[in-house]
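The values are calculated or read from the model by the stated rules, or taken from the named source; none is laboratory data. Here the structure is a predicted model, which is why all the values come from computation and not from measurement. So basically every Cβ, Gly included, is an ideal-geometry build from the backbone, and we count neighbours across all protein chains shown. For accessibility, only protein heavy atoms count, side chains too; no ligands or nucleic acids. Shrake-Rupley method; radii C 1.70, N 1.55, O 1.52, S 1.80 Å.
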Amino acid sequence: MTFTISDTSYSTDTPEAKQAMYADLRSQLQGLVHGESDWIANTANFSSLVFNTMPGLNWAGFYFLKTEDELVLGPFQGKPACIRIKRGRGVCGSTVEKGAPIVVADVHAFPGHIACDVNSRSELVVPVFGKDGAIIGVFDLDSPLPNRFDETDSEGIQSLVRILEQTLA
Ligand code: SME
């Protein structure tokens, strides 16, 4: 088994540059999860791949619905984070309610934003779906830069999450 996390520095200056980065990330992720169905291993490697490849992040990781109304912290990269988030609370809990990605250009302007890291200025949260199509959790990216994420990032991260979901038993 061979895989390497690319040491390439990626530009995020244009939608085309971002799309090229996500194409590379998809190919690296396919290599990382190939033949592996362990969910903790795959979500841990997913967090590491994204965090160590994408510029301008201070946190990247998962929260999973352990009960109908509460998310619990999963594999992540970055500083220790809040462990439990109620459905409907913060950006993560709101993404569960919405069932679709949320891009927050300025976390200070998002009512109810949960500040795990005071350095976070913008955020992207993407839902993760189970085999039956029901939401099982979210993947959350934080940046110390305002307005770090846009629709291209949302689509790019969703394309990665779709690959990850294929590994669910
Ligand atoms: N900011 C998130 C909480 C999780 S941390 O950013 C890691 C939210 O508002 O849901």
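Taking the conditions exactly as written (out of contact with any Pro (no Cβ under 8 Å at 6 or more places or on another chain), open to solvent by 30 Å² or more (accessible area, probe 1.4 Å) and either within 15 Å of the ligand (Cβ to nearest atom) or not in a loop (DSSP other than H, G, I, E, B) (or both)), does Gly112 satisfy them or not? So Gly112 fits the description; yes.
In region 115-124, how many are without any contact (Cβ under 8 Å) to a residue 24 or more places away in the chain and surrounded by 14 or more Cβ atoms within 10 Å (Cβ to Cβ)?
Taking region 115-124 and keeping what is without any contact (Cβ under 8 Å) to a residue 24 or more places away in the chain, we get 115, 118.
Next cut, surrounded by 14 or more Cβ atoms within 10 Å (Cβ to Cβ) only: none.
Residues in region 115-124 being without any contact (Cβ under 8 Å) to a residue 24 or more places away in the chain and surrounded by 14 or more Cβ atoms within 10 Å (Cβ to Cβ): 0 in total.
Taking first residues from region 95-112 that are closer than 16 Å to Tyr63 by Cβ and partners that are within 12 Å of the ligand (Cβ to nearest atom) and among the aromatic types (Phe, Trp, Tyr), the Cβ contacts under 6 Å between residues at least 6 apart in sequence or on separate chains come to Val104/Phe110. Residues in region 23-55 that are surrounded by fewer than 13 Cβ atoms within 10 Å (Cβ to Cβ) and outside any helix (DSSP H, G or I): His34, Gly35, Glu36, Ser37, Asp38, Pro55.
Name the residues in region 138-169 that are among the hydrophobic types (A, V, I, L, M, F, W, C), at pLDDT 95 or above and either more than 14 Å from the ligand (Cβ to nearest atom) or part of a loop (DSSP other than H, G, I, E, B) (or both), would you?
Residues of region 138-169 that are among the hydrophobic types (A, V, I, L, M, F, W, C), as a first pass: 138-139, 141, 145, 149, 157, 160-161, 163-164, 168-169.
Still in the list and also at pLDDT 95 or above: 138-139, 141, 145, 149, 157, 160-161, 163-164, 168.
Matches in region 138-169: Leu145, Phe149, Ile157, Leu160, Val161, Ile163, Leu164, Leu168.
Among the residues of region 115-137, those that are more than 7 Å from the ligand (Cβ to nearest atom) and assigned to a loop (DSSP other than H, G, I, E, B) comprise Val118, Asn119, Arg121, Gly130, Lys131, Asp132, Gly133, Ala134. Counting only residues that are surrounded by fewer than 17 Cβ atoms within 10 Å (Cβ to Cβ) and either over 26 Å from Gly156 (Cβ atoms) or near the ligand (Cβ under 10 Å from one of its atoms) (or both), region 88-106 holds 1 of them.
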